[in-house]
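These notes concern the structure reproduced below.
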Amino acid sequence: MADVILETRHLTKEFKGFTAVNDVNLQVQRGHIHALIGPNGAGKTTCFNLLTKFLVPTSGQILFNGRDITAAQPAQIARQGIIRSFQISAVFPHMTVLENVRIGLQRPLGTSFHFWKSERTLSSLDERARELLAQVDLAAFADTMTVDLPYGRKRALEIATTLAMEPELMLLDEPTQGMGHEDVHRVTELIKKVSAGRTILMVEHNMSVVSGICDRISVLQRGSVLAEGSYEEVSRNPQVMEAYMGTTTGALEGAH
């Protein structure tokens with residue numbers, strides 16, 4: 001039996017007569033990079049919002065490490081180790097890159113961020129912050145104001161601040177959206193690197209990213225799971241081709 005870290009059972013979300021997520025049964029295996037893909041409006045982001053409790057499901061269950069977390073609050077979910085990248089995005093543009101990561105590192109120190117503590121008290125976190133920056137190739141940018149970072153590097157900083165919160169399961173919401181080819185490649189390599197010893201669930205539009213790093217893929221269409229499997233399996237599925245291309249011929253390669 002595979003080691004399942006996150007499972008949804010008949011997860012459903014309705015908005016005034018419109019079903020955005022319809023009876024979704026997902027199983028994310030520990031240590032995998034698992035992608036949610038699908039055409040626009042397929043329900044991917046709604047699914048993410050349900051998993052992190054930004055939305056309450058209409059029906060169904062969410063289990064994390066075998067525990068039912070359907071009724072948990074967003075903060076409880078985060079404390080259990082499910083961290084979504086934008087939740088702790090680099091939201092402090094006028095702080096340095098190092099300071100942003102240090103804020104993420106303060107979570108294990110207590111229930112609230114220690115903004116009022118002296119610089120000296122927080123300097124103990126600097127060494128770990130620098131280690132995390134080195135992991136995401138941002139060591140040279142430690143003292144740069146976050147507002148001045150190039151876009152692709154800002155996403156790398158988001159990943160570093162996510163890692164600072166010691167996630168057991170990282171949720172990445174379109175990590176390469178809006179990037180040029182060079183940044184896409186850098187962030188893809190970064191996700192592969194930080195996935196060691198972790199589980200990652202990501203929503204991603206870029207099929208070359210998905211085919212390159214994902215162990216398993218769930219394809220959503222109109223709120224339901226259309227297909228699931230490896231990239232090879234889902235890319236050969238005629239229903240998946242039709243959902244993406246509007247035809248039963250062609251391939252997923254161009255469906256960026």
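Each value in this text was obtained by applying a stated rule to the coordinates, not by laboratory testing. For clarity, every value in this text was computed on a predicted model and none was experimentally measured. Here the Cβ is made from the backbone with ideal geometry for all residues, glycine too, and neighbour counts use every protein chain on show.
Given the -39500 (n - 2.57) contribution per DSSP H run of 4+ residues, what per-residue ellipticity at 222 nm results for the chain, rounded to the nearest 500 deg cm²/dmol? Display every interim value, and only then the final one.
Working: 10 runs with 86 residues, N = 256.
It lands at -9500 deg cm²/dmol.
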Fluctuation leader among ALA42, ALA134, ALA78 - the chain, Gaussian network, Cα springs under 10 angstrom: ALA134
Set of lysines with alpha-carbon distance to LYS193 below 29 Å, sequence-local pairs under 8 removed: LYS44, LYS53, LYS154
If I take the Cα coordinates of the chain and project them onto the principal axes, what are the three extents in Å, biggest first? 61, 41, 38
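Could you work out the local net charge near ALA35, counting Lys and Arg as +1, Asp and Glu as -1, over the other residues with Cβ closer than 12 Å to its Cβ? Let's see the in-between values first.
Numbers: positive: LYS44, ARG216; negative: ASP173, GLU174, GLU204, ASP215, GLU228.
Here the charged neighbours net out to -3.
Compute the signed sum of charges (Lys and Arg +1, Asp and Glu -1) over the other residues within less than 11 Å, Cβ to Cβ, of ASP68.
Numbers: positive: ARG9, ARG67; negative: GLU7.
Every neighbour counted, the sum reads +1.
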